[in-house]
Amino acid sequence: MLARILFMQMFSEFDAFMGALLKTIYLKNQDLLKGISREITLRELFEHGSIDDVKIAMLEKEIETFRRDSYVEQFSNLGKVCIT
């Protein structure tokens, strides 16, 4: 049972690391933020205090979508982001 728990924790830590890595990559290269294509309602727009808050919210959604992909797809997509 302990081995199974440790195995699951390893993947959880990896997912957290990938999210933090992607956030850093996007925030260091603002041009990558421009490549995010997401829709936002006017209500959501008004809920944010500034355009920077909107950028962070869209980035968080992008990262969440990225993390839902398989690990193979994540590495493929990460390569595309880093090369751009």
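The values are calculated or read from the model by the stated rules, or taken from the named source; none is laboratory data. All of these numbers come straight from a predicted model, not from anything done at the bench. Cβ sites come from the backbone with ideal geometry, for glycine too, and all protein chains shown count toward neighbours. To get the accessible areas, we keep the full protein, side chains included, count just its heavy atoms, and leave off ligands, DNA and RNA. Shrake-Rupley method; radii C 1.70, N 1.55, O 1.52, S 1.80 Å.
Considering (1) in a loop (DSSP other than H, G, I, E, B); (2) open to solvent by 60 Å² or more (accessible area, probe 1.4 Å); (3) in contact with a helix residue (DSSP H, G or I) (Cβ under 8 Å, 6 or more places away or on another chain), say which one Leu45 fails and leave the rest.
Result: Leu45 passes all but (1).
Suppose we filter Lys80, Lys55 for residues that are charged (D, E, K, R), assigned to a helix (DSSP H, G or I) and exposed (fewer than 13 other Cβ atoms within 10 Å of the Cβ); which single one remains? Walk me through how you get there before you give the answer.
On the way: Lys55 fails: exposed (fewer than 13 other Cβ atoms within 10 Å of the Cβ).
Selected residue: Lys80, the only one of Lys80, Lys55 that is charged (D, E, K, R), assigned to a helix (DSSP H, G or I) and exposed (fewer than 13 other Cβ atoms within 10 Å of the Cβ).
Quick test of your reading of the structure: Ile40 fulfils all but one of (1) open to solvent by less than 90 Å² (accessible area, probe 1.4 Å); (2) under 14 Å from the mean Cα position of the chain (by Cα). Name the failing condition by number.
(2)
Just to check your reading of the model, which residue among Ile36, Ile63, Ile25 is closer than 19 Å to Gly79 by Cβ, in contact (Cβ under 8 Å) with a residue 24 or more places away in the chain and not in a helix (DSSP H, G or I)?
On the way: Ile63 fails: not in a helix (DSSP H, G or I); Ile25 fails: not in a helix (DSSP H, G or I).
Just one listed residue meets the conditions, Ile36.
I'd like the full set of residues that are open to solvent by less than 100 Å² (accessible area, probe 1.4 Å) and either within 10 Å of the chain's Cα centre (by Cα) or under 14 Å from Tyr71 (Cα atoms) (or both), limited to segment 1-24.
Keep residues of segment 1-24 that are open to solvent by less than 100 Å² (accessible area, probe 1.4 Å), which gives 3, 5, 9, 11-12, 14-16, 18-24.
Within segment 1-24, Phe11, Ser12, Phe14, Asp15, Ala16, Met18, Gly19, Ala20, Leu21, Leu22, Lys23, Thr24 qualify.
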